[in-house]
1. Determine the alpha carbon to alpha carbon distance for each of Lys59/Lys196; Lys10/Lys162; Lys10/Lys160 and list only those over 25 Å.
2. Among the aspartates and glutamates, which fall within straight-line cross-link reach of Lys63, defined as a Cα-Cα distance under 13 Å, with same-chain neighbours fewer than 8 residues apart omitted?
3. Suppose a student asked you for the relative contact order of segment 23-172, using Cα pairs under 8 Å spaced at least 6 residues apart; what percent would you report?
4. Take each of the peptides 280-289, 107-116, 169-178, average the number of other beta-carbon atoms within 10 Å over its residues, and list them starting from the highest.
Amino acid sequence: MATQDLEAHKLFQVEGYVAVVTGGGTGIGLMAAQTLAANGARVYIIGRRKDVLEAAAMKYSSKGEIVPLPGDISHPDGIQAIADLLSELESSGINILINNAGAAPEHTAKHSTSSTDLTSSHAISKWMIADGVSAWHTSYVANVASHHFLTASLLPLLDKAKEAAPGHTSCVINIASVAGLTKTHSMGQFAYSSSKAALIHLTREWAHTFLPLQVRVNCLAPGLFPSEMSTETRADENQKSRFKEGVGSSLPAGRVGCESDIGSVILWLASRAGTYVNGQVVHVDGGVYCLHSLLVFIACSPGYANRVGLLLKSPSAM
């Protein structure tokens, strides 16, 4: 391999590629779409709110183009309409699919965490069912089933694109969550966390299933990033969400995640630089998973109990 082939602009180039990002109008989806467009890709952003998609496309189209594609992937008709339209618009196929759209509907349980007596079986029982069966249906449709059926519908387009991009293999990037990995109660969001764990498992199954097609599948497990879901507020006029000052200071990284944290990993996995990476889960969480894992180890190891105070005072001591 020639030295110039190792230069960053060649390794990580996505110029001319076609990407599809669900939930691309705000939050992590917009961070991914913004990054790909900034590096020359044409990015279709899918969501139910047409005004949000159009505002994001107008503001963040740059070297590449962001194209709003209103649609609802929560039911088969919506998925088929999107697949049909993309087949018409992109006859050479699509190179990148980012399954990002999702839902976290367990608001009652989340906001009653601090007032729940975790030493009482009755209190825990009530807490576990606070948001009802509908929260489980919403979580699994939004975070698992919709991605499964959309990916299936777009798979022929992902397969076709490899012919138009020598040296590159089409890829699917699933956006899960560190909540799908950590051994905590996720503030009572059992449906959300287990659905994200399911998406992580689907990542591995799809990666195996798509091997003959040379379509790669990887997954991000983000920690705390600003989004409408995490801040529980509507995005601002720039389609961005903001945490209150100080949020994230106790995390190992000392802050919440930002655009470049998502963008750098997206560019790696979506470009030629990531073509040897398949079936992997990348923790983009500022060290949250490491902290949880270590604290579980410490809790089971009395000889290390004195480390707990140090870690909680200074997570960076890890």
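Taken together, the values in this text are just the output of simple stated rules run on the coordinates, not laboratory data. Here the structure is a predicted model, which is why all the values come from computation and not from measurement. Note: ideal-geometry Cβ built from the backbone for every residue, glycine included; neighbour counts use all protein chains shown.
1. Violating the 25 Å Cα-Cα cut-off are Lys59/Lys196.
2. Glu15
3. Worked out over segment 23-172, it gives 23 percent.
4. Listed from highest to lowest mean packing, they are 169-178, 280-289, 107-116.
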